[in-house]
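Read the structure below first, then the notes.
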Amino acid sequence: MAGQYLVKIVKKEQLGKEIFRLTLHAPEIATTARPGQFVMLRSGGLLDPLLGRPFSLHQCRADGSIQVLFKVFGAGTKRLAALAAGDQASLIGPLGRGFDLTPPAPGVSLCLVGGGMGIAPLFLLAQELKRQQPGLTIELMLGARNKAELHQLADEFRLMGFSPLVATDDGSLGYAGLVPDLLALNVPSAGKARRVYCCGPKPMMAVTANYCQKQGWDCQVSLETMMACGISACLGCAVKGVGRRGGQVRYLHACKDGPVFNALDLDWTSE
Amino acid sequence: MRVVEQIDLKVKIGSMVLNNPVMTASGTFGYGQEYAKFVNLDKLGAVVVKGISLKPRAGNPPPRLVETPCGMLNAIGLENIGIKAFLQDKLPWLRGVAAPIVVNILGNTVEEYAELADRLDNTEGIGALEVNISCPNVKRGGVVFGADPTMAAAVTKAVRKATSLPLIVKLSPNVNDIRIMAQAVADHGADGVSLINTLLGMAIDLQTRRPKLANVMGGLSGPAIKPVALRMVWQAAGAVRIPVIGIGGIMCAADALEFIVAGAHAVEVGTANFVNPRATEEIVDGISLYLKTNKISSLEQLRGSLILS
Ligand SMILES: Cc1cc2nc3c(=O)[nH]c(=O)nc-3n(C[C@H](O)[C@H](O)[C@H](O)COP(=O)(O)OP(=O)(O)OC[C@H]3O[C@@H](n4cnc5c(N)ncnc54)[C@H](O)[C@@H]3O)c2cc1C
Ligand SMILES: Cc1cc2nc3c(=O)[nH]c(=O)nc-3n(C[C@H](O)[C@H](O)[C@H](O)COP(=O)(O)O)c2cc1C
Ligand code: FES
């Protein structure tokens, strides 16, 4: 069950020019969170920035710590990046519906596709899938703008025993192009049925969802929307769903119905 | 430890008795249940639920939110499940809450407001109605009811006729003179006024030159609006004899107490719930502590005690 906690920052790492990883002591969350769930994180006390910011759970550890991995965009993330070990932060979580981890049909392999900071939740997801379904093939496809943003994360996956395929926009690491392109590459599992778990920028998820639909594959996406509360009270996190309800547009709410959705439930034509 | 006498935080609005002056602001507290894991709802003065209309409303397209300095803009578009689903799915749970439940209602016509009031009138478990008049009147070319004293009076009168429940009219701040609006609804049967609703605003993304909200305009809330809200509450409290409920940027007990000094009987806490889900309960405790520390035995002593000289 979600709770509100004042937590201590155990460690801060800088992984790139604007990429940071915070380790926070939050045993209640570490022991109950599921992959794909998120937290609302706020660096206490101030009226500006005012609201918490949503971040996927990147890792949950047996020692009661959790991690978030983020890139600096605006005032909120800038402020979080300025925190140091020993500082306190306010945390609400775990929130939302995570990835569906039920075992796939026989012969279907699992494929995790992440772009940019969308890679963050794939760590927890990959570990949990491996633990729950040890015999299954888990493919990993990671993309980022350039080598600087990607190489450490890819290395960490290798240390965990995965063999990620990588793509960068500028070709400085791995395949030059977009991550979803990797789905069509001639790899050993090509042509076989997959279940795809995807998180990244919206255009990249749209391409992935479209490809999966054509192949008839299951595709789960983790969406990012603006959020004020994270607990289904403000109704600010609406995303357009397919179909209509009572003759009106059918909106889903990312903090409650998501952030992980079945790609087929979403209207990809809208903003 | 020093023994402190029991402090009376009770407030009356019409026939509704609140154990303390801290209410939740509509649209920021869901239907109450969303906050039950963070707050002891029984400890609050009252729980005001998300605005309800006759028919369910889908709301506006996203993005519906943007943060602004010390505040936020929202254009939710009054998304709600409609009166039928509210009565069926939400009210039964709310009946288990010890604090009074205030149902916030909204309509497109005077008749819709009256029909909502009529349907809620004979329903068990409702403490009061709060009428949101910051909605466009579709029969008057979309002019907001709350922008015109005649229309605001008409809604109040119609709702008053339809129900014997205590009636709070929630005023829009997007007017020239808030005193005239407060008087108009007080003269037509309101038992209290609550204010302020959000201030109309907008935000622009300079890089794309697009509005940051899909709806272009939205309602500003949070600490940024507190000075405006305090001023309007002070003006309204000087203009009417019915209780005034102060709303706008209340983040902590000190903020709430300032509204009481300005003349408010009670307060509603909105955006603060997003920042700190326990805000309402902490404000109740903070008000008690302030009164104890300052040896003030009742809220009445503080209410409207602003010193002008
Ligand atoms: C469920 C969920 C999980 C997320 N997980 C991660 C993560 O693991 N790592 C990570 O780096 N980022 C993640 N994000 C995005 C992150 O929340 C935003 O980058 C952050 O809120 C930006 O805040 P800011 O104050 O720095 O930027 P702002 O100044 O507020 O805005 C800068 C940019 O970020 C966008 N933005 C602002 N607020 C949000 C928001 N609440 N949600 C989405 N976009 C927003 C704005 O559109 C704008 O383009 C996640 C978002 C959601 C909804
Ligand atoms: C996301 C959001 C939704 C709201 N929905 C409603 C509503 O349905 N009905 C209503 O009367 N006021 C609504 N309001 C206005 C608040 O109840 C309150 O009047 C306003 O936010 C100012 O208070 P605050 O600064 O404490 O948030 C909403 C405000 C926000 C931020
Ligand atoms: S973020 Fe408030 S309802 Fe989803």
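The values are calculated or read from the model by the stated rules, or taken from the named source; none is laboratory data. Since the model is a prediction, treat every value here as computed from it, not as a measurement. Counting neighbours? That spans all protein chains shown, and the Cβs are built from the backbone with ideal geometry, glycine included. Quick note on the areas: whole protein, heavy atoms, side chains included, nothing else; ligands and nucleic acids left out. Shrake-Rupley method; radii C 1.70, N 1.55, O 1.52, S 1.80 Å.
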**OP:** With a cut-off of at most 16 other beta carbons within 10 Å, and DSSP calling the residue loop, which chymotrypsin sites (Phe, Trp or Tyr not before Pro) in segment A:68-175 qualify? Please list them.
**Re:** A:Phe73
Original post:
Counting only pairs 8 or more places apart or on different chains, how many lysine pairs in chain A have C-alpha atoms closer than 25 Å?
Top reply: 26
**OP:** Compute the FRET efficiency between B:Ala36 and A:Leu47 as 1/(1 + (r/R0)^6), taking r as their Cβ-Cβ distance and R0 = 35 Å, and round to the nearest 0.05.
**Re:** 0.85
**OP:** Could you pull out every whole DSSP H run in chain B that spans at least 27 Å of Cα extent along its own axis and averages 0.0 or higher on the Kyte-Doolittle scale?
**Re:** none
Subject >> Extension gain, B:Arg95 back to B:Ser297 (0.36 nm per residue minus Cα-Cα distance, nm) >> reply: 69.6 nm
Original post:
Accessible area drop of at least 20 Å² (1.4 Å probe, protein heavy atoms): which residues of segment A:213-237 qualify, relative to the chain alone?
Top reply: A:Met226, A:Ala228, A:Cys229, A:Ile231, A:Ser232, A:Ala233, A:Cys234, A:Leu235, A:Gly236
**OP:** Could you pull the accessible area for A:Ser56 with a 1.4 Å probe, rounded to 10 Å²?
**Re:** 30 Å²
Subject >> Linear extension gain, B:Arg179 paired with B:Thr208, 0.36 nm per residue minus alpha-carbon span >> reply: 6.4 nm
Original post:
Can you give the Kirkwood hydrodynamic radius of chain A from its Cα pairs, in Å with one decimal?
Top reply: 19.0 Å
Original post:
Roughly how many nanometres apart are two label points built 7 Å out from the Cα toward the Cβ at A:Asp100 and A:Ser270?
Top reply: 2.1 nm
Subject >> Max mean-square fluctuation residue, GNM over chain B, Cα-Cα springs under 10 Å, options B:Ile245, B:Ile81, B:Ile196 >> reply: B:Ile81
Original post:
What trypsin sites (Lys or Arg not before Pro) in segment B:66-146 are in a loop by DSSP, with at most 12 other Cβ atoms within 10 Å of the Cβ?
Top reply: B:Arg95
**OP:** Rank these by accessible area, largest first, 1.4 Å probe: A:Ile138, A:Ile29.
**Re:** A:Ile138, A:Ile29
Subject >> Probe 1.4 Å, all protein chains present, accessible-area order of B:Trp234, A:Trp268, B:Trp93, A:Trp217, largest first >> reply: B:Trp234, B:Trp93, A:Trp268, A:Trp217
Original post:
Which of B:Ala186, B:Ala99, B:Ala154 moves most in a GNM of chain B, Cα contacts under 10 Å?
Top reply: B:Ala154
**OP:** Find the accessible area per residue for the protein assembly as shown; the probe is 1.4 Å, ligands and nucleic acids are left out, and the unit is Å².
**Re:** 42 Å²
**OP:** Quick one: compute the contact order of chain B, relative version, from alpha carbon pairs under 8 angstrom and 6+ residues apart, as a percent.
**Re:** 19 percent
Original post:
Over all distinct alpha-carbon pairs, what is the Kirkwood Rh of segment B:21-131 in angstrom?
Top reply: 14.7 Å
**OP:** Can you tell me the FRET efficiency between A:Lys8 and B:Asp285 if r is taken as the Cβ-Cβ distance and R0 is 25 Å, rounded to the nearest 0.05?
**Re:** 0.55
Subject >> Alpha carbon convex hull of segment B:11-302, projected area averaged over orientations, nm² >> reply: 14.4 nm²
**OP:** Run the quick spin-label model on B:Ile307 and B:Leu200: label points 7 Å from Cα toward the beta carbon, then report their separation in nm to one decimal.
**Re:** 4.1 nm
Subject >> Probe 1.4 Å - accessible area at B:Lys12, Å² to nearest ten >> reply: 120 Å²
Subject >> Longest site-free stretch - chain B; sites: GluC sites (Glu not before Pro), DSSP loop, at most 10 other Cβ within 10 Å >> reply: B:125-309
**OP:** Mind giving me the FRET efficiency for B:Glu124 and A:Met1? R0 is 25 Å, r the Cβ-Cβ distance, nearest 0.05 is fine.
**Re:** 0.25
Subject >> Within chain B, helix-based [θ] at 222 nm, where runs of 4 or more DSSP H residues each add -39,500 (n - 2.57), nearest 500 >> reply: -8000 deg cm²/dmol
Original post:
So between B:Lys84 and B:Thr150, what do we pick up on full extension, going 0.36 nm a residue minus the alpha carbon distance?
Top reply: 20.8 nm
**OP:** Any aspartates and glutamates with Cα under 17 Å of the B:Lys170 Cα? List them, leaving off those in the same chain fewer than 8 positions away.
**Re:** B:Glu112, B:Glu130, B:Asp148, B:Asp187, B:Asp191, B:Glu268
Original post:
Ignoring ligands and nucleic acids, what accessible area does B:Cys252 show with a 1.4 Å probe (Å², nearest 10)?
Top reply: 60 Å²
Original post:
Taking every pair of alpha-carbon atoms in the protein assembly as shown, what share in percent sits in each 20 Å bin, from 0 to the bin with the longest distance?
Top reply: 20, 49, 26, 5, 0
Original post:
Could you work out the helix-only [θ] at 222 nm for chain A, with each DSSP H run of four or more residues adding -39,500 (n - 2.57) and the total divided by the number of residues, to the nearest 500 deg cm²/dmol?
Top reply: -5500 deg cm²/dmol
